[in-house]
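A.B. asks: Got a structure for you, written out below as structure tokens; questions coming shortly.
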Amino acid sequence: MADALPTLLLTPDEMAAADRAAAVSGIDSFGLMERAGQAVAAAALRLYPATLRFVVFCGPGNNGGDGYVAAGALSASGARVEIFHLGDPERLKGDAATARARVAAKSLPLDQYQAETGDVIIDALFGAGLSKPVPEDVKAVIDTVTARALPVVAVDLPSGLCGRTGMVRGAAFQASHTVTFMALKPGHLLLPGRALCGPTEIFDIGIPHRILSACAGQIRRNDPSLWQLPVPGPESHKFRRGHLGVFSGGATTSGAARLSARAGLKAGAGLVTLGVPPDAAAVVASHLTAIMVKVLADLKAVADWIADRRLSAFVLGPGFSSGETIRSLVELIAGRPLVLDADGISAWRDRPQALFSLYAAMEAPTMVLTPHEGEFARLFPDLAADPGPGKVEKAQAAAARARAVIVCKGADTVIAAPDGRARINTNAPPWLATAGSGDVLAGLIGGLMAQGMPAFDAASAGVFLHGKAGERAGPGLTAEDLPEHLYPLP
């Protein structure tokens, strides 16, 4: 589906490319800076109308230029403004130099800042492009502002935060509000960046949307506008709506698979069958009504069952502790749509390449892996240990290696496809962190895949619906509550 502007996420490099493209197209680059700085000033005056002093920290680049414009606009409004610069402001070039020259007030070196009660900070030091730790003099100012709990309005991104990864580079301001321009960066959504930004306002400074779309890479904010949920037609019957098979563990561990099966049914699969070992059959059957039960005594019984091509997707792993059996089941299913979760992932920790090879020949991915941080490290130890890349980049690398869709779970869940596409999900409330929540997510994705939804879109939709159900269920939810709060669908 076509991208809508609100879903676009531009890395700092991509945003810089958009700025250059706008200038090449004939748009006045200083005009863009003026609008950005004025937007910051307007936000600061709206949020803090009784401020005793606005303190503007200006860096050595264009982010500092935005700060000088903001300082001029705040001063023109009658506010008390003081400016502190980082580096030698005489070395500023281009638009930033022009912005400084137009401000009547003189700036002082950053290390001369003395905090006062009633200060509101306008942070225009670095913005989104920082890729190395902040200098010590900046860290000292960050520490002072943090210790005094002074409000901070960040220009583009709190200084010290990497706009690409959302990671802190040595130290970072805790913003009370962030004003960014045209589009969000990944660092606005990835943790800890999201928490450090505070409420984030996107201001349109006049770069044409066609330029933003042309410069944007493959990262998006997960949103229903990016995928289409299956809609049954008048000719539909239960098999046309898909048949999901979920594998259960033994009698004392079948609860996780039952959660997955229930979620798959609520996600719209026409049929869901729970494949169970003989010792679990009575326990499982006593808890289920609309979900069918299939007793699978051995691998031959499994092979006979999955030979029915009307089984259109599978979920394996929740509550299934036997690694050897898991590996054998995946080898039987290889190539068919599969959600591998929990124990299903850990079973391959000593032989991840063997797992990946089973799906390597697929033109489009048909396997979805749903690891939390620890499970990700079991399959991709080198990626997990690398301190440089962020969560999106690690998920993209893992998806390319595994030839699978990767769902890196967390409050900032990232969904990545082998072709480099990635989506960051933002609607998960903290109370989703409860036992069985991941089992429900696996079932939702499996249920959507069973209906023919492509793996990447099914994973994206499943993650979004999971978060939406958590929002509706509210604090105190249990995993059993989630499927009941899926509707209405977005």
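The values are calculated or read from the model by the stated rules, or taken from the named source; none is laboratory data. Owing to the predicted nature of the structure, the values given are computational and were not obtained by experimental measurement. Neighbour counts run over all protein chains shown; Cβ positions are idealised from the backbone, glycine included. For the accessible areas, the whole protein counts, side chains as well, though only heavy atoms, and no ligand, DNA or RNA atoms are used. Shrake-Rupley method; radii C 1.70, N 1.55, O 1.52, S 1.80 Å.
A.B. asks: Over 21 Å between C-alpha atoms is what I'm after, so list which of Lys294/Lys409; Lys238/Lys468; Lys106/Lys132; Lys132/Lys394 land there.
C.D. replies: Result: Lys294/Lys409; Lys238/Lys468; Lys106/Lys132 exceed 21 Å.
A.B. asks: For the chain, what is the accessible area per residue in Å² when the probe is 1.4 Å?
C.D. replies: Accessible area per residue: 40 Å².
A.B. asks: Something else about it: What do the square roots of 5 times the Cα gyration tensor eigenvalues come to for the stretch 241-355, in whole Å, largest first, as semi-axes of the equivalent ellipsoid?
C.D. replies: The answer is 20, 16, 13 Å, longest axis first.
A.B. asks: So what is the calculated 222 nm ellipticity per residue for the chain, using -39500 (n - 2.57) for each DSSP H run with n of 4 or more, over all residues, to the nearest 500 deg cm²/dmol?
C.D. replies: -11000 deg cm²/dmol
A.B. asks: To continue, here is another question. From the Cα gyration tensor of the stretch 142-268, with a ≥ b ≥ c the square roots of its eigenvalues, which class applies: rounded if a/c is under 1.5, or else prolate if a/b is larger than b/c, or else oblate?
C.D. replies: Because a/c hits 1.5 or more and a/b fails to exceed b/c, the stretch 142-268 counts as oblate.
A.B. asks: Given axes a ≥ b ≥ c from the Cα gyration tensor, I'd like to know whether the chain is rounded (a/c under 1.5), prolate (a/b larger than b/c) or oblate.
C.D. replies: Prolate.
A.B. asks: Using Cα pairs under 8 angstrom and six or more residues apart, how large is the relative contact order of the stretch 256-398, in percent?
C.D. replies: Once divided by the residue count of the stretch 256-398, the mean separation gives 16 percent.
A.B. asks: What percent does the relative contact order of the chain come to when contacts are Cα pairs within less than 8 Å and at least six residues apart?
C.D. replies: Answer for the chain is 13 percent.
A.B. asks: Let me ask you something else. Report the Cα centroid-to-centroid distance between the stretch 355-434 and the stretch 99-120 in angstrom, as an integer.
C.D. replies: Using only Cα atoms to place each centre, the spacing works out to 44 Å.
A.B. asks: Highest first, please rank the peptides 164-174, 356-366 by the mean number of other Cβ atoms sitting within 10 Å of their residues.
C.D. replies: 164-174, 356-366
A.B. asks: What is the extension gain from Arg80 to Ser25, computed as 0.36 nm multiplied by their sequence separation minus the C-alpha to C-alpha distance, in nm to one decimal?
C.D. replies: Here the segment from Arg80 to Ser25 would lengthen by 16.0 nm.
A.B. asks: Also, I was wondering about something else. Using the Cα gyration tensor of the stretch 274-319, with a ≥ b ≥ c the square roots of its eigenvalues, what is the shape: rounded (a/c below 1.5), prolate (a/b larger than b/c) or oblate (neither)?
C.D. replies: prolate
A.B. asks: In addition: Taking the Cα centre of the chain as origin and charging only Cβ (+1 Lys, Arg; -1 Asp, Glu), how large is the dipole, in debye to the nearest 20?
C.D. replies: Value, rounded to 20: 700 debye.
A.B. asks: Please give the Cα centre distance for the stretch 143-175 versus the stretch 324-349, rounded to the nearest Å.
C.D. replies: With the stretch 143-175 and the stretch 324-349 each reduced to a Cα centre, they are spaced 42 Å.
A.B. asks: Once the principal axes of the Cα atoms of the stretch 81-173 are found, what is the range along each, listed largest first in whole angstroms?
C.D. replies: Computed over the stretch 81-173, the largest-to-smallest principal extents equal 34, 32, 21 Å.
A.B. asks: Let me ask something else about it. Provide, for q = 0.15, 0.16, 0.25 Å⁻¹, the log10 of I(q)/I(0) from a solvent-free Debye sum over equal Cα point scatterers in the stretch 386-441.
C.D. replies: Calculated log10 I(q)/I(0) at the listed q: -0.46, -0.51, -0.96.
A.B. asks: Carbon-plus-sulfur fraction of the accessible area of the chain, 1.4 Å probe, in percent?
C.D. replies: 54
A.B. asks: I'd like to know how the stretch 13-162 sits against the 2.2 N^0.38 Å rule of thumb: what's its Cα Rg over that expected value?
C.D. replies: It is 0.99.
A.B. asks: Shifting gears a bit: So who's got an amide H within less than 5 Å of the one on Gly166, skipping anything under 5 residues away but keeping other chains? H placed 1.01 Å off N, in plane.
C.D. replies: Gly187
A.B. asks: I've got another one for you. Beta carbons within 10 angstrom, averaged per residue: use that to sort the peptides 192-198, 266-272, highest first.
C.D. replies: Highest-to-lowest ranking by the protection proxy: 266-272, 192-198.
A.B. asks: Follow-up question, since we're still on this one. In cubic angstrom, how much convex hull volume per residue do the alpha carbon atoms of the stretch 342-459 span?
C.D. replies: 102
A.B. asks: In Å and on Cα atoms, what radius of gyration and Dmax does the stretch 1-50 show?
C.D. replies: Over the stretch 1-50's Cα set, Rg and Dmax evaluate to 14.5, 46 Å.
A.B. asks: Give, as ranges by residue number, the residues of the stretch 232-271 whose backbone N falls under 15 Å from the point 7 Å along Cα→Cβ of Glu484.
C.D. replies: From the stretch 232-271, the list is 259, 262-263, 266.
A.B. asks: Can I ask one more? Using a 7 Å offset from the Cα along the Cα-to-Cβ direction at both Asp88 and Asp279, what is the distance between the two label points in nm, to one decimal?
C.D. replies: Calculated label separation equals 7.7 nm.
A.B. asks: Sticking with this one: Report the rotationally averaged projected area of the stretch 291-393 based on its alpha-carbon convex hull, in square nanometres.
C.D. replies: It is 7.7 nm².
A.B. asks: Please check which bits of the stretch 119-147 a label hung off Leu47 would reach, taking the label as a point 7 Å along Cα-to-C-beta and the cut-off as backbone N under 16 Å.
C.D. replies: Output list for this probe position: 119-128, 145-146.
A.B. asks: Want the number for His287 to Asp386: 0.36 nm per residue separation, take away the alpha-carbon distance, what's left?
C.D. replies: Separation in residues times 0.36 nm, less the Cα-Cα distance, equals 31.2 nm.
A.B. asks: Quick one: what are the phi-derived ³J(HN,Hα) couplings along the stretch 483-490, Karplus 6.51/-1.76/1.60 with θ = phi - 60°, whole Hz, x for glycine and proline?
C.D. replies: 3J(HN,Hα) across the stretch 483-490, in whole Hz: x, 6, 10, 6, 9, x, 6, x.
A.B. asks: To continue, here is another question. With a cap of 15 neighbouring Cβ atoms within 10 Å, and only residues DSSP puts in a loop, list the trypsin sites (Lys or Arg not before Pro) found in the stretch 358-408.
C.D. replies: Within the stretch 358-408, no trypsin sites (Lys or Arg not before Pro) qualify (loop, at most 15 other Cβ atoms within 10 Å).
A.B. asks: What is the calculated FRET efficiency for Gln228 to Ala303, with r their C-beta to C-beta distance and R₀ = 41 Å, to the nearest 0.05?
C.D. replies: The value I calculate is 0.75.
A.B. asks: Further question: Highest mean first, how do 101-112, 415-426, 468-479 rank when packing is the count of other Cβ atoms within 10 Å averaged over residues?
C.D. replies: Final packing ranking: 415-426, 468-479, 101-112.
A.B. asks: Quote the FRET efficiency, to the nearest 0.05, computed for Glu331 versus Arg472 with a Förster distance R0 of 45 Å and r equal to the Cβ-Cβ distance.
C.D. replies: Computed FRET efficiency for Glu331 and Arg472 comes out at 0.70.
A.B. asks: Here's another thing I want to ask about it. Which order do Glu393, Glu375, Glu324 take when ranked by solvent-accessible area (1.4 Å probe, heavy atoms of all protein chains), largest first?
C.D. replies: From most accessible down to least: Glu324, Glu393, Glu375.
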